[in-house]
Amino acid sequence: MASSAGSVGKGCPEISEFPAGATAGRPVPAVGLGTASFPFVEEDVRATILAALELGYRHLDTASLYRSERAVGEAVAEAARRGVVASREEVFVTTKMWCSQCHPDLVLPSLRESLQNLQMEYVDLYLVHWPVAAKPGKPQFPVKREDIVPMDLRGVWRAMEECHRLGLARMIGVSNFTTTKLQELLAIAEIPPAVNQVEMNPIWQQKKLIEFCKDKGIHVTAYSPLGGQSMSNAVLQSEVLEEISKARGKSVAQISLRWIYEQGASMVAKSLKRERLKENMEIFDWELGDEDRFKISQIPQHKRVRVTGILSPEDASGVDLAELDIVEM
Ligand SMILES: NC(=O)c1ccc[n+]([C@@H]2O[C@H](COP(=O)([O-])OP(=O)(O)OC[C@H]3O[C@@H](n4cnc5c(N)ncnc54)[C@H](OP(=O)(O)O)[C@@H]3O)[C@@H](O)[C@H]2O)c1
């Protein structure tokens, strides 16, 4: 179960942590800041990260795709200069390798490039962003279907393990992996993935995956814990969550985040607004009731992020991606 974090912002609640990874990693803060922002305005993201660190956030989630690595590095350095954090060591930094970098000989150079952007010696967690490989090139979204190539999972994971052994990634993990893909990985891994970062919230509860990961000792981090950044948002507009929120005197966002925490998962939530950053941390000194939990368990399930969502709509792919769609209930 989660433990309480040591160092936090003044007047703000402590963020709990979850133990993760049998290797050299440190615990994962239960609430972290997501830095994928659309549209991406670097100065705004940098200022948000600094504000989050001041409030007590200690987990920053970035990726080579998001273009936010530089902002993360600069904000952490500024926070250290201002005494907001004692040093970079206090912050848990996650970054990810994009599909076009998902090749055995590109893993280490891609991490070095990320570290260069971050101006850091190591990341706390390095993730394979998707179990999808595309022709080598700069990280781009969407991925052209015609660029998809078969992924060398064994070779990629050996290179991830090398990143860990070199001390450049304290922990290594994956993202958007189904139980089937995880099984495939566990069969060949010398160092098992410490974390699987996946879409998870009351509208996409991932029960099967959570059970599987618990059994295998893989920590789950929820992304899009508030339903993601599109206009229609099934989490923030959920009537069930709204009803619970009114009864509890908490916001709908807090109900969603608290529910995730109670499942034993950490989360990375994105907001550019200081008040919301603060609100999203305030989930540790109260709990849902059994009736709330039952109501949430009855919410019809809907998955927002599909592998087709990261691909260009046109062109044909020579690789069958159907097995990658994480529609596991
Ligand atoms: N591994 C992957 O494949 C993957 C995929 C998607 C995302 N991620 C990671 O997960 C992070 C979070 O997911 P996400 O960006 O999809 O969205 P999210 O965290 O679910 O947030 C969705 C939206 O909710 C709003 N919001 C935040 N706090 C709120 C509150 N208290 N009340 C009302 N609205 C609130 C934010 O808008 P404002 O900024 O206007 O507050 C934000 O745009 C990303 O930034 C990224 O780091 C990873």
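Where the second residue is assigned to a helix (DSSP H, G or I) and of a type in the set (D, E, K, R) and the first is under 16 Å from Met97 (Cα atoms) and lies in segment 144-162, which pairs have Cβ atoms under 7 Å and are six or more apart or on separate chains?
Leu153/Glu184
Of the residues in segment 245-270, how many are outside any loop (DSSP other than H, G, I, E, B), under 19 Å from Asp61 (Cβ atoms) and of a type in the set (D, E, K, R)? Walk me through it before giving the result.
Our first condition is that a residue be outside any loop (DSSP other than H, G, I, E, B); within segment 245-270, this holds for 245-248, 252-262, 266-269.
With the extra rule that they be under 19 Å from Asp61 (Cβ atoms), the set shrinks to 253, 256-257, 260-261, 266-269.
Pick out the ones that are also of a type in the set (D, E, K, R) and you get none.
Of the residues in segment 245-270, 0 are outside any loop (DSSP other than H, G, I, E, B), under 19 Å from Asp61 (Cβ atoms) and of a type in the set (D, E, K, R).
Looking at segment 50-91, which of its residues are touching a residue at least 40 places away in the same chain (Cβ under 8 Å), more than 15 Å from the ligand (Cβ to nearest atom) and of a type in the set (Gly, Ala, Ser)?
Gly56, Gly73, Ala77, Ala86 - these are the residues of segment 50-91 that are touching a residue at least 40 places away in the same chain (Cβ under 8 Å), more than 15 Å from the ligand (Cβ to nearest atom) and of a type in the set (Gly, Ala, Ser).
Inspect segment 257-270 for any residue being near the ligand (Cβ under 10 Å from one of its atoms) and hydroxyl-bearing (Ser, Thr, Tyr) and give the result as yes or no. Talk me through it step by step, then tell me what you get.
Applying the first criterion (near the ligand (Cβ under 10 Å from one of its atoms)) to segment 257-270 yields 257, 267-270.
In the following step, the residues that additionally are hydroxyl-bearing (Ser, Thr, Tyr) were identified as none.
Looking for residues that are near the ligand (Cβ under 10 Å from one of its atoms) and hydroxyl-bearing (Ser, Thr, Tyr), one finds none in segment 257-270, hence no.
Within the set of pairs 6+ apart or on separate chains, which have a first residue in segment 98-110 that is on the phi < 0 side of the Ramachandran plot and surrounded by fewer than 19 Cβ atoms within 10 Å (Cβ to Cβ), a second that is outside any loop (DSSP other than H, G, I, E, B) and not β-branched (Val, Ile, Thr), and C-beta atoms under 7 Å apart?
Qualifying pairs under 7 Å: Pro104/Gly155; Pro104/Arg158; Pro104/Ala159; Leu108/Ala159; Leu108/Glu162; Leu108/Cys163.
Considering segment 274-305 alone, what residues qualify as being within 11 Å of the ligand (Cβ to nearest atom) and either out of contact with any helix residue (DSSP H, G or I) (no Cβ under 8 Å at 6 or more places or on another chain) or not in a loop (DSSP other than H, G, I, E, B) (or both)?
Arg274, Glu275, Arg276, Leu277, Lys278, Glu279, Asn280, Met281, Arg304, Val305
Per-residue answers, yes or no, for (1) under 25 Å from Val132 (Cβ atoms); (2) surrounded by fewer than 24 Cβ atoms within 10 Å (Cβ to Cβ); (3) at pLDDT 95 or above:
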residue: Met1; (1), (2), (3): no, yes, no
residue: Ala22; (1), (2), (3): no, yes, no
residue: Pro29; (1), (2), (3): no, no, yes
residue: Ala51; (1), (2), (3): no, yes, yes
residue: Thr62; (1), (2), (3): yes, no, yes
residue: Leu115; (1), (2), (3): yes, yes, yes
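Can you say whether Asp285 is within 15 Å of Gln205 (Cα to Cα) and modelled with pLDDT of 95 or more, as far as the supplied structure shows? Reasoning before the result, please.
Values: within 15 Å of Gln205 (Cα to Cα): no; modelled with pLDDT of 95 or more: yes.
The answer is no for Asp285.
Test of understanding: among Glu211, Glu242, Glu162, Glu199, which residue is within 11 Å of the ligand (Cβ to nearest atom), of a type in the set (D, E, K, R) and modelled with pLDDT of 95 or more?
The match here is Glu199.
Could you tell me whether any residue of segment 73-83 is modelled with pLDDT of 95 or more, in a loop (DSSP other than H, G, I, E, B) and surrounded by fewer than 23 Cβ atoms within 10 Å (Cβ to Cβ)?
Scanning segment 73-83 turns up at least one residue that is modelled with pLDDT of 95 or more, in a loop (DSSP other than H, G, I, E, B) and surrounded by fewer than 23 Cβ atoms within 10 Å (Cβ to Cβ).
Given the criteria crowded, with 21+ Cβ neighbours inside 10 Å, touching a residue at least 24 places away in the same chain (Cβ under 8 Å), among the polar types (S, T, N, Q) and in contact with a helix residue (DSSP H, G or I) (Cβ under 9 Å, 6 or more places away or on another chain), does Ser224 qualify?
No.
Considering only residues that are modelled with pLDDT of 70 or more and of a type in the set (Ser, Thr, Tyr), which ones fall in segment 310-324?
Within segment 310-324, just Ser312 meets the criteria.
Among the residues of segment 261-276, which ones are within 14 Å of Leu236 (Cβ to Cβ) and buried (at least 19 other Cβ atoms within 10 Å of the Cβ)? Can you show your working first?
First pass over segment 261-276, keeping only residues within 14 Å of Leu236 (Cβ to Cβ): 269-271, 273, 276.
Selection gives Ala269, Lys270, Ser271.
The values are calculated or read from the model by the stated rules, or taken from the named source; none is laboratory data. From a predicted model like this one, the values you see are computed outputs, not experimental measurements. Virtual Cβ from ideal backbone geometry, glycine too; neighbours counted across all protein chains shown.
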